[in-house]
Amino acid sequence: MRARLAFILLFVLACPVAAQQPKPAAAPPRAPAGVVPAPSPEDAVKIAEVLAFERQMEIAVVNGDVAFLNRICPSDFTFTHGDGWTEGGPPLRVDTKETWLAAVGQKPYLTRDLGPVAAEIHGDIAITYGRYRMKQRANPDGGESSVWFERVYAKRN
């Protein structure tokens, strides 16, 4: 009986305390779904530069321009190849700068055309996300495939 009485007493004491807790602050207002705020004029210029850089990079990859890619990729460059976004498993492969340049030097692509791509600017960090369509040299008669991607860039030098 004593244990039951203690439980009831604790419950009664806890109820008024819980009732006196302040209500959580309301979440800040959000833009409606699908509405992206316009970038500042400075960020718009940076976004245009990043997207132009991505187009140059895709051309270099198709052309096997290892010298250009070697110049623009930092020594700590990594390229994580997804799993097709269907399994949620480990990546298919993770390339370092050296292994990526070696792969590109083999000119594995006939085409890599950027589709819709968006960019965000966060100081000296740019994040791009979108899709590219590609045709691989190993299967020239095959159809195009597409890849959804996310890339993170840090402005250096």
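The values are calculated or read from the model by the stated rules, or taken from the named source; none is laboratory data. Note that the coordinates shown come from a computational prediction; the quantities given were computed from them, not determined experimentally. What goes into the accessible areas is simple: the full protein's heavy atoms, side chains included, and nothing from ligands, DNA or RNA. Shrake-Rupley method; radii C 1.70, N 1.55, O 1.52, S 1.80 Å.
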Review point. What translational D, rounded to a whole number of µm²/s, comes out for the stretch 105-157 from Stokes-Einstein when the hydrodynamic radius is the Kirkwood one over Cα pairs, at 10 °C and 1.306 mPa s?
Key: 125
Study note, to complete from the structure: Here the tail fraction of P(r) beyond 17 Å, over all Cα-Cα pairs of the stretch 47-138, rounds in percent to 58
Practice item. With the convex hull built on the Cα atoms of the stretch 55-105, state its orientation-averaged projected area in nm². Key: 3.9
**Study point:** the stretch 43-157 - percent of accessible surface contributed by carbon and sulfur, probe 1.4 Å
**Key:** 54
Practice item. Can you bin the stretch 30-82 into rounded, prolate or oblate? Criterion: square roots of the alpha carbon gyration tensor eigenvalues sorted a ≥ b ≥ c, rounded for a/c under 1.5, prolate for a/b above b/c, oblate for the rest. Key: prolate
